[in-house]
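Heads up, the thing below is written out as structure tokens.
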Amino acid sequence: MTTVEELGSATRTVSGRRLAALVRERCQDANLAHEVEVVSRVLPFKVSHHVIDHLVDWQSAPDDPLYRLVFPHRDMLDPGHFGAVERALGDPPALRAVVAGIRGELNPHPGDQLTRNIPHHEGAELSGVQHKYAQTALVFPRHGQTCHAYCSYCFRWAQFVGDPQLRMADDGPQHVIRYLRAHPEVTDVLFTGGDPLVMHSARLKPYVDALLEPGLEHVTTVRIGTKALSFHPARLVTDPDAAEMLRLLESVVRAGRSLAVMVHVSHPRELRPDVTRRAVAALHGIGAQLWSQAPVVRHVNDDPRAWADAWRAQLVLGIHPYYVFVERDTGARRYFGLPLRRVHEIYRDAVATVSGLGRTARGPVMSTAEGKVVVDGVAELPGGPAFVLRFLQARVPDLVGRPFHARFDPTAQWWSELVPFSPYDRAFFPVRDEPGDEGERPAAQAGPR
Ligand code: SF4
């Protein structure tokens with residue numbers, strides 16, 4: 001058996017100042033390298049050697065979508081912030097203050113993750129667990145709070161910048177298990193992070209074993225959220241403990257539970273390397289179901305062909321397209337975000353070109369504090385154009401599956417920018433502190449019938 005320490009050398013990555021050196025070397029562009037240096041002081045970046053050697057097309061960098069997926073770009077910061085960091089570069093205390101201020105402005109925990117999703121158990125907050133929807137609990141194992149590389153658009157970027165106040169990490173499997181025993185409504189446990197597959201199998205094992213203990217039969221599905229197939233597929237093929245990890249995951253299936261590997265695929269090129277295909281085959285070989293998801297992001301996959309190609313490749317590999325997300329209102333959204341109108345067009349145009357089996361991805365979906373809201377399109381109503389919306393998941397279960405409308409706004413990028421179309425629709429929106437809202441009722445009390 002390999003030790004946890006030995007595994008550390010299995011994933012070779014480049015981060016921090018070495019990123020600028022890599023860009024200078026590969027692109028022969030000193031200005032680009034300087035911009036990488038500045039932006040990476042604010043947002044976290046880490047690139048695996050698999051991405052550097054097998055995914056990025058260096059001839060097309062910095063415009064290559066896979067380069068944009070993982071490397072810093074000047075436009076990720078607004079010009080004022082960029083200049084402030086640049087001026088503070090030689091002055092560490094000033095730089096720390098500037099960086100902290102900018103991070104605070106980038107909405108580090110969208111969707112009220114640090115407040116509304118944290119459950120309580122036996123009178124205390126349960127750290128490292130989120131329980132937003134009755135059937136599904138998210139677990140953030142302490143040693144899985146990083147990834148093999150970082151997506152530059154990551155909505156969990158705050159996890160990676162080293163500020164303990166912005167981290168979500170659990171206190172070990174015992175606390176999680178006690179909570180789950182008291183919650184028989186939970187059928188699905190999602191291990192997430194970060195990426196739980198950065199953990200040595202010995203670190204993940206106590207969690208998996210505990211879930212399979214008597215008394216937790218109500219947990220019928222164990223989900224693993226991962227981008228290892230794209231960032232470090234050797235994790236499941238040639239890493240020192242790849243076989244141990246597969247055996248551990250297989251124990252879920254052997255126990256009669258469902259093992260769902262939620263793979264994050266941003267671009268079809270991620271599925272091309274042979275080692276990635278071998279990793280997919282290894283997961284199928286142990287009885288795993290594979291489901292894919294990703295957000296639509298400018299510069300990376302804002303093209304219906306990219307989505308259609310990715311779905312076709314997934315069908316061949318036996319991966320079910322699951323979710324198309326709207327980029328969340330955090331981090332470098334000024335750089336990655338797209339109007340909801342455009343995101344829906346991309347989704348619709350992509351769906352139109354694949355067979356029925358490829359049309360299983362739901363979207364585009366905003367994962368909001370109130371629930372998962374899908375944008376079904378734009379309708380012409382007697383009062384004007386409107387977004388047609390629907391909750392796929394909601395804190396208030398009664399709201400799920402009921403169509404509602406928001407005023408069409410061609411520039412709106414997120415839920416918080418939408419305005420109810422009619423008095424009926426107000427019940428689906430959170431109470432917002434606006435003049436004249438005295439008559440509005442909380443959604444929990446006002447579920448439309
Ligand atoms: S794989 Fe997921 S958690 Fe990791 S950087 Fe990408 S979006 Fe963030």
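Which is farthest toward the positive dipole end of the chain among His120, Ala234, Val388, measuring Cα position about the Cα centre, with Cβ charges +1 (Lys, Arg) and -1 (Asp, Glu)?
Ala234
Heavy atoms of the protein only, probe of 1.4 Å, neighbouring chains included. What is the accessible area of Met76 in Å², nearest 10?
Roll a 1.4 Å probe over it and Met76 shows about 0 Å².
For the pair His49/Ala124, report the inter-label distance in nm, with labels modelled 7 Å from Cα in the Cβ direction.
4.2 nm
Under 20 Å from the Cα of Lys132, which lysines turn up, not counting those fewer than eight places away in the same chain?
Lys372
Rounded to the nearest percent, how much of the accessible area of the range 22-112 (1.4 Å probe, protein heavy atoms only) is carbon and sulfur?
About 46 percent, which is the carbon plus sulfur part of the accessible surface.
Taking the simple approach of a point 7 Å from Cα along Cα-to-Cβ for both Arg272 and Glu217, what is their distance in nm?
Calculated label separation equals 4.9 nm.
As an exercise, use a Förster radius of 25 Å and the Cβ-Cβ distance of Glu105 and Asp171 to find the FRET efficiency, rounded to the nearest 0.05.
Plugging the Cβ-Cβ distance into 1/(1 + (r/R0)^6) gives 0.25.
Given all pairs of different Cα atoms, what value in angstroms does the Kirkwood hydrodynamic radius of the range 4-105 take?
Averaging 1/r across every pair of different Cα atoms and inverting gives 14.5 Å.
Mind checking which of His284, Ile319, Leu338 is farthest towards the positive end of the chain's charge dipole, using Cβ charges of +1 (Lys, Arg) and -1 (Asp, Glu) about the Cα centre?
Farthest towards the positive end: His284.
Which of the peptides 404-413, 381-390, 228-237 is most tightly packed, and how do the rest follow, going by the mean number of other Cβ atoms within 10 Å of each residue?
Highest to lowest by the protection proxy: 228-237, 404-413, 381-390.
Tabulate in residue order the Karplus-calculated ³J(HN,Hα) for the range 321-328, using 6.51 cos²θ - 1.76 cosθ + 1.60 with θ = phi - 60°, rounded to whole Hz; enter x for Gly and Pro.
My calculation for the range 321-328 gives x, 10, 9, 10, 9, 8, 4, 6 Hz in order.
Gap in Å between the Cα centre of the range 58-102 and the Cα centre of the range 207-250?
With the range 207-250 and the range 58-102 each reduced to a Cα centre, they are spaced 35 Å.
What FRET efficiency would be calculated for the residue pair Asp209, Asp409, taking the C-beta separation as r and a Förster radius of 51 Å, to the nearest 0.05?
0.55
Could you give me D for the range 316-437, from Stokes-Einstein at 10 °C and 1.306 mPa s, where the hydrodynamic radius is the Kirkwood radius over C-alpha pairs? Units µm² s⁻¹, please.
Calculated translational D: 103 µm²/s.
Take Phe160, Phe155, Phe191 and sort them by solvent-accessible surface of the protein heavy atoms, 1.4 Å probe, largest at the top.
My answer, sorted largest first, is Phe155, Phe160, Phe191.
Please give the per residue accessible area of the range 4-105, computed with a probe of 1.4 Å over protein heavy atoms only, in Å².
Ligands and nucleic acids excluded, the result is 47 Å² per residue.
Let me check I have the definition right: for the range 160-266, take the eigenvalues of the Cα gyration tensor, multiply each by 5, take square roots. What are those semi-axes in whole Å, largest first?
Ellipsoid half-lengths, sorted descending, are 22, 19, 13 Å.
Counting each DSSP H run of 4 or more residues in the chain as -39500 (n - 2.57), what helix-only mean residue ellipticity at 222 nm follows after dividing by all residues, to the nearest 500 deg cm²/dmol?
The helix-only estimate for the chain comes to -8500 deg cm²/dmol at 222 nm.
How much accessible surface area, in Å² rounded to 10, belongs to the heavy atoms of Leu89 with a 1.4 Å probe?
It works out to around 50 Å².
Just the number: Rg to Rh for the chain, Cα atoms, Kirkwood Rh, two decimals.
Expressed as Rg/Rh, it is 0.96.
The values are calculated or read from the model by the stated rules, or taken from the named source; none is laboratory data. What you see is a predicted model; the values in this text were computed from it and never measured. We place every Cβ from the backbone using ideal geometry, glycine too, and count neighbours over all the protein chains shown. All accessible areas refer to the heavy atoms of the entire protein, side chains included, with ligands and DNA or RNA removed. Shrake-Rupley method; radii C 1.70, N 1.55, O 1.52, S 1.80 Å.
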